[in-house]
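Asks: Structure provided below as structure tokens; questions to follow.
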Amino acid sequence: ESPVRISTFGIGPYCNSFFLRMLALVGRGFNDQALDESYIFSQMAQMLNKSRVPLLTDIQIGVGHLDGIEIHPYPIPDLYFGHPLIVSGKYHGTMPPQVRLIGRLPGGGTYETHVPVQNEHAIPVHKVFARQRLDLLVAECWLEQDQVKQQAAVALSVDESIPCYYTTMVLY
């Protein structure tokens, strides 16, 4: 894997946020946008500080032998100090009691640990997954001009009651 990470920063309401989000996702970096010029410096400084010290890079999650597993975001971003990493997914079958987390330490060594799986019914984890999947689908639709993915984004948006680029309308 390449140690190069790509972070993106959009300025103003007319920047191509779909492209910037996809580029940061593929480059395992951060994405942010300043809509107002008075926030550019503080948001840019915050993003640069976040990306200064990676604690764990090239992260992989091992879940055993599950069929149809889907993880988002993919590739999994790096873990940085002061910036929590949220990975969601869905699977078919029985989830093992723990998953294996593997990554590369700043010195180049390998880090591996087993993380216990907690089933939490009070937190709507499916909504987190749906939001991540929807953001990715909308960005892919823009990049690929794919009508099938656009229809999938609309269906997911409507099913989960989460607005997106293709389902939001403002009338005056």
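Asks: Express the relative contact order of the chain as a whole percentage, based on alpha carbon pairs under 8 Å and six or more residues apart in sequence.
Replies: Taking the mean separation of contacting Cα pairs over the length of the chain, I get 17 percent.
Asks: Another question, then. Label the chain by shape, choosing from rounded, prolate and oblate, from the square roots a ≥ b ≥ c of the eigenvalues of the Cα gyration tensor; if a/c is under 1.5 it is rounded, and otherwise prolate applies when a/b is larger than b/c, oblate when it is not.
Replies: oblate
Asks: Sticking with this one: Can you tell me which lysines have their Cα less than 21 Å from the Cα of K127? Leave out same-chain residues fewer than eight positions away.
Replies: K90, K149
Asks: If I stretch the segment between Y166 and I102 completely, what's the gain in nm (0.36 nm per residue apart, minus their alpha carbon distance), one decimal?
Replies: Full-extension gain reported as 19.4 nm.
Asks: Could I ask something else about it? What is the percent carbon and sulfur in the accessible area of the chain, measuring with a 1.4 Å probe over the protein chains and ignoring ligands?
Replies: For the chain, the apolar C and S fraction of the accessible surface comes to 58 percent.
Asks: For V26 and T110, FRET efficiency with R0 = 22 Å and r from the beta-carbon atoms, rounded to 0.05?
Replies: Values: r = 23 Å, r/R0 = 1.06.
Once the sixth-power term is evaluated, E becomes 0.40.
Asks: Taking the solvent-accessible surface of protein heavy atoms with a 1.4 Å probe, what is the per residue accessible area of the chain in Å²?
Replies: Values: 11520 Å² over 172 residues.
In whole numbers, the chain has 67 Å² accessible per residue.
Asks: Could you give the nm distance between label points at F81 and I40, where each point is 7 Å from its Cα heading toward the beta carbon?
Replies: 2.9
Asks: Calculate the dipole size of the chain relative to its Cα centre from +1 charges on Lys and Arg beta carbons and -1 charges on Asp and Glu beta carbons; express the result in debye to the nearest 20.
Replies: Numbers: 12 positive and 16 negative charges, 61 e Å.
In debye, rounded to 20, the chain gives about 300.
Asks: Something else now. From a point 7 Å beyond the Cα of L143 in the direction of its Cβ, which residues of the stretch 63-100 have a backbone N at a distance under 12 Å?
Replies: Counting backbone N atoms under 12 Å from the label point, the list is 74-75.
The values are calculated or read from the model by the stated rules, or taken from the named source; none is laboratory data. Remember, predicted model here, so these are calculated numbers, not experimental data. In this analysis, Cβ positions are derived from the backbone assuming ideal geometry, glycine residues included, and neighbour counts consider all displayed protein chains. The accessibility values were calculated without ligands, DNA or RNA, using every heavy atom of the protein model including side chains. Shrake-Rupley method; radii C 1.70, N 1.55, O 1.52, S 1.80 Å.
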